[in-house]
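Okay, structure first, notes after.
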Amino acid sequence: MYMAARRAPAAGRQRYRGAAGQMYVYGNAVPKPEQTPVRRREDRPKKKVSRQVQRNRKKALCMNPGYVVFLSAAAILALIICVNYVKLQSRLTSYSKNIAGLQAELANMREENHTKYNAVMDSVNLEEIREKAQEELGMVYASPEQVIEYQRPSADYVKQYENIPEDGVLAQSDKK
């Protein structure tokens, strides 16, 4: 059987299979059938439908006014919700663009501020300030007896509302 399947039939040769009359066609072109098959038309007698069923079908096709009002209200409500959703989306988009613009402006201002701060800090010459203070303004360094040391509270800065006491203690807590 293996050998028979391998043999190619002669050109244009057709082979029938079984009693059903199915035909195998070898090659790349299939011949058109000589007759087109006739479709069977089924003529079924229509079943009689009762009057109650006919009435129910007619009622199902008609809509009463209450149902129409309900559907209209639901459609209008859905339309309003969709319009508001689109408005919120557009507002959100515009806010996002505005925020991006403000962030870019803030970054530019910070860079400019940092550049100016560095320029100011580079322009300050402390030696020149000391010379000007001593020579032109007549300032002198404080003597050791003029310096009062005090115990600094935990805060980073001190507001002086009165003179510093001689013992140097500004505030004490009851805890030891």
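Descriptive notes on the structure:
- Boolean, GLU111 is more than 26 Å from the chain's Cα centre (by Cα) and at pLDDT 95 or above: yes
For every residue, the table says whether it meets (1) of a type in the set (A, V, I, L, M); (2) open to solvent by less than 100 Å² (accessible area, probe 1.4 Å); (3) in a helix (DSSP H, G or I).
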{"residue": "LYS48", "(1), (2), (3)": "no, no, no"}
{"residue": "SER72", "(1), (2), (3)": "no, yes, yes"}
{"residue": "LYS97", "(1), (2), (3)": "no, no, yes"}
{"residue": "GLY101", "(1), (2), (3)": "no, yes, yes"}
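- Among the residues of region 105-113, not a single one is touching a helix residue (DSSP H, G or I) at 6+ places or on another chain (Cβ under 9 Å), without any contact (Cβ under 8 Å) to a residue 60 or more places away in the chain and hydrophobic (A, V, I, L, M, F, W, C).
The values are calculated or read from the model by the stated rules, or taken from the named source; none is laboratory data. Note that the structure is predicted; figures quoted are calculated from it, not measured. When we count neighbours, we look across all protein chains shown, and the Cβ atoms used for this are built from the backbone with ideal geometry, even at glycine. The area values use the complete protein model at the heavy-atom level, side chains included, leaving out ligands, DNA and RNA. Shrake-Rupley method; radii C 1.70, N 1.55, O 1.52, S 1.80 Å.
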